[in-house]
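First the structure, in the form of structure tokens, and then the observations on it.
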Amino acid sequence: MSLQRFPGFIDAHVHLREPGATHKEDFYTGSRAAIAGGFTFVIDMPNNPIPTITKERLEEKINLAKKALCDVGFYFGTDGKNMNEFSKVWNLPQVFGLKVYCSHTTGDLLIEDEQTLKEIFSSWNSEKPILVHAEKDRLMMALKLAEKFSRRLHVCHISLKEEVEMVREVKQRGQKVTAGVTPHHLYFSRGPGIFLLKGYGEMKPPIGTKDDQKALWQALKDGTIDIVETDHAPHTKEEKEKDSPFFGVPGLETAVGLMFKAVKDGRITIADVLKYLNTNPRKIFNIPEQLDTFVELDSEKEYLVGKIGYETKCGWSPFEGMNFFGKPETVVFRGKKLLEGGKIIN
Ligand code: DOR
Ligand code: ZN
């Protein structure tokens, strides 16, 4: 088959680590990984070592991201004490929502107390969504708060059947909720495969059971889950080989190939890929059109993950050695060719 053309893909959930952890990734290397993976627009999370919870920190990030090869948007963060900053940033075009950590993960932004969560939801008086990392009963609480304060809610990296059911139920009642799933939660389930990965298979939320995995694919098909988001969370090999490894896996360079493998396996259609990686994230986060920007790939062409190495600074993938389909061959970003024959030409 010949090359098919798609609009630049959108990854609404990445951790590009700058500032503060540039030994793992920075805006330049992270954006190279994005382009190599077919993504021309990514949105960066606020859980840096010094988190993005003030306007000054956000402006610093916006400046640092000027070296990126693709477009980079940002989520603002909260530690439960910075609500007076919200109105200073929510109208900025670079801001696409507020990220709230209701469950434990990398960084110090966890909000445990329900009263504080209430104040956060009440204070984010914007059409831009609140995104939550909220597992199990924490998700139930977030859904209730979003309903109470009429806030748009995006549920990040949903991973369990019970969470899918909660989202399906409130969506059926008409609540303005959307959800994303990661390629690793779609692809892996708890069992020998993931145990072999050892520290490289540790992430938050953790990988679910076969039953959870089945529920995720089903929810993607029936529209309960709206988007695929990579949660690109690079850590060095050294950090992943420690006794208590950091949580997270890189995903920018493998998500598209995994989705076209799912097409090949008959799970989803090419039109679905476009929906999960472009039209739906564009609608949810109100992402502007990117002119003269497209990706070309052959969705029938198989390739071995890792064979030509990685652009991400961390230099590994949990999917290494697997056969995916449709590796991006060409990326043109705002009229400029950045990827040719699968290689960055910047
Ligand atoms: O596994 C994860 N790693 N999950 C998250 O939510 C955060 C991320 C990180 O920043 O490393
Ligand atoms: Zn994340």
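The values are calculated or read from the model by the stated rules, or taken from the named source; none is laboratory data. Only a predicted model underlies this, so the values are computations on that prediction, with no experimental measurement involved. Note: ideal-geometry Cβ built from the backbone for every residue, glycine included; neighbour counts use all protein chains shown.
Here is how the numbers come out for the structure above:
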{"item": "Residue in the stretch 256-275 that is closer than 26 Å to residue 151 by Cβ and away from ligand 2 (no atom under 16 Å from the Cβ) present", "result": "yes"}
{"item": "Members of the stretch 149-201 that are in contact with a Leu (Cβ under 7 Å, 6 or more places away or on another chain), in contact (Cβ under 8 Å) with a residue 40 or more places away in the chain and in a helix (DSSP H, G or I)", "result": "164, 183, 186, 187"}
{"item": "Candidates 130, 158 - the one that is surrounded by 18 or more Cβ atoms within 10 Å (Cβ to Cβ), touching a His at 6+ places or on another chain (Cβ under 8 Å) and farther than 24 Å from residue 273 by Cα", "result": "130"}
{"item": "1 or more residues among the acidic types (Asp, Glu) and more than 20 Å from residue 204 (Cα to Cα): qualifying helices (runs of 4 or more DSSP H) within the stretch 1-110", "result": "55-64"}
{"item": "Which numbered condition residue 329 fails, given (1) surrounded by 19 or more Cβ atoms within 10 Å (Cβ to Cβ); (2) under 13 Å from residue 39 (Cα atoms); (3) not basic (Lys, Arg)", "result": "(1)"}
{"item": "Those residues of the stretch 62-74 which are surrounded by fewer than 20 Cβ atoms within 10 Å (Cβ to Cβ) and touching a Pro at 6+ places or on another chain (Cβ under 8 Å), in sequence order", "result": "64"}
{"item": "Residue that is surrounded by the fewest Cβ atoms within 10 Å (Cβ to Cβ), among those in the stretch 1-34 that are among the β-branched types (Val, Ile, Thr) and more than 15 Å from the chain's Cα centre (by Cα)", "result": "22"}
{"item": "Tally of residues being within 15 Å of ligand 1 (Cβ to nearest atom) and either of a type outside the set (Val, Ile, Thr) or part of a helix (DSSP H, G or I) (or both) across the stretch 224-237", "result": "7"}
{"item": "One residue from 236, 230 being surrounded by 16 or more Cβ atoms within 10 Å (Cβ to Cβ), away from ligand 2 (no atom under 16 Å from the Cβ) and either touching a residue at least 60 places away in the same chain (Cβ under 8 Å) or charged (D, E, K, R) (or both)", "result": "236"}
{"item": "Test result for residue 144, among the charged types (D, E, K, R) and within 17 Å of residue 14 (Cα to Cα)", "result": "no"}
{"item": "Flag if residue 178 is more than 15 Å from ligand 1 (Cβ to nearest atom) and under 23 Å from residue 130 (Cβ atoms)", "result": "yes"}
{"item": "Single residue of the stretch 184-215 satisfying the filter (out of contact with any Lys or Arg (no Cβ under 7 Å at 6 or more places or on another chain) and small (Gly, Ala, Ser)) that is surrounded by the most Cβ atoms within 10 Å (Cβ to Cβ)", "result": "201"}
{"item": "Unique residue being of a type in the set (Asp, Glu), without any contact (Cβ under 8 Å) to a residue 60 or more places away in the chain and out of contact with any Pro (no Cβ under 8 Å at 6 or more places or on another chain) when the list is 329, 289", "result": "289"}
{"item": "Residues within the stretch 167-206 that are of a type in the set (A, V, I, L, M) and under 16 Å from residue 228 (Cβ atoms), tallied", "result": "5"}
{"item": "Some residue of the stretch 104-119 being at pLDDT 95 or above, buried (at least 21 other Cβ atoms within 10 Å of the Cβ) and among the basic types (Lys, Arg)", "result": "no"}
